[in-house]
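The values are calculated or read from the model by the stated rules, or taken from the named source; none is laboratory data. This structure is a prediction, so every number in the text was calculated from the model and none was measured. Glycine also receives a Cβ, built like all others from the backbone with ideal geometry; neighbour counts cover every protein chain displayed.
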Amino acid sequence: MPKLSIVMPVYNREDLINYSVNSILNQTFKDFEFIIVNDGSTDKTLDILNSFSDKRIKIFNNQTNKGIVYSRNRGIKEASGKYISMFDSDDIAYPTKNEEQINFLDKNSNYAMLGSWAKFIDKNNNHTGQSWKLTEKSNKIPSIMLFRNYFVQASVMLKREALPEHLYSAGYDIVEDSKMWFEISLKHKVWNLQKYLLNYRVHTGNVTNTGNEKQLRHSRKLYKYIFNHLNIQPTEQELDAHFLIKNNKKIKSVSELIEIENWLYKIEEHNNKVQLYDRRMLKKVIKNRWLKVCSKAKSEHLKMLWRCVKSPILYYY
């Protein structure tokens, strides 16, 4: 059996699939199987895939378009490797990605999942100047996952035994990866290798740039699920406050600041009871989130700035 199984779903990617497939076939680590799930593509994607003669490629076809969650799960069920590497059909892996991640996981058996940094590219493979440089230490990541996804899907490699029994969850399309990484981070040690090992493509067909209403709906569903682990059933108003912390919208009133502050206190209070997260790390993350909120409020008026400055959250550690 191969040491590594690389799982990639694909749907109508005739213009980009060559780049992604070749980036995997040209890896310096050679002991892998490349499981590609063609999710009912209606363009020339399947013809392009069939043109590759590499025996490590295993193509599975959905007769109709089943969606990303079904396709990812089908690929994982067909996988036989010790390690599972997730990949997306529009991204490009650096040649040493799999070798460097496997070397780390082999040498650090206490880690179950490993991502990496990623640079953004456009549809023409040009770097945009933006990137995900994910520098936080492992013991802080679970608390961060309360507020944001801290892994790039196509960068992730994990141990087979770390996978949740249900794999990716149906009904969480677009945020299915965030849910899985959250679940794994609760039970296992996770981290991002401190290197750029992936080019992440940003274009109009990218999943994160489509279906904004659906994404918001599923994101709210995800955070209800996440906060249930702290015995919190958030109200719609509390979820609104949470998304004000997450997004880039301006904070426009003192009342919004108060709602956010109270929500952060509630998260800390419930964690003190259930002791799910490292209390010190959660305090640090809450302080960082409050600083972000204050940076969005500081230009409005002095009352808001005063509310930010006098909050006890600001003086955590």
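Among all residues of segment 91-106, there is none that is exposed (fewer than 14 other Cβ atoms within 10 Å of the Cβ), under 30 Å from K283 (Cα atoms) and out of contact with any helix residue (DSSP H, G or I) (no Cβ under 8 Å at 6 or more places or on another chain). Annotation note: of L239, L264, L198, the sole residue that is assigned by TED's automatic domain parsing to the domain that holds S185, at pLDDT 95 or above and within 24 Å of P142 (Cα to Cα) is L198.
So which of K273, K283 is exposed (fewer than 13 other Cβ atoms within 10 Å of the Cβ), modelled with pLDDT of 95 or more and basic (K, R)?
Numbers: K283 fails: exposed (fewer than 13 other Cβ atoms within 10 Å of the Cβ).
On inspection, the qualifying residue turns out to be K273.
Residues that are surrounded by fewer than 15 Cβ atoms within 10 Å (Cβ to Cβ), among the polar types (S, T, N, Q) and more than 19 Å from L25 (Cβ to Cβ) within segment 39-59 comprise just one, T42. In the condition set (1) surrounded by 15 or more Cβ atoms within 10 Å (Cβ to Cβ); (2) free of Cβ contacts under 8 Å to residues at least 40 places away in the same chain, S20 is compliant with all but (2).
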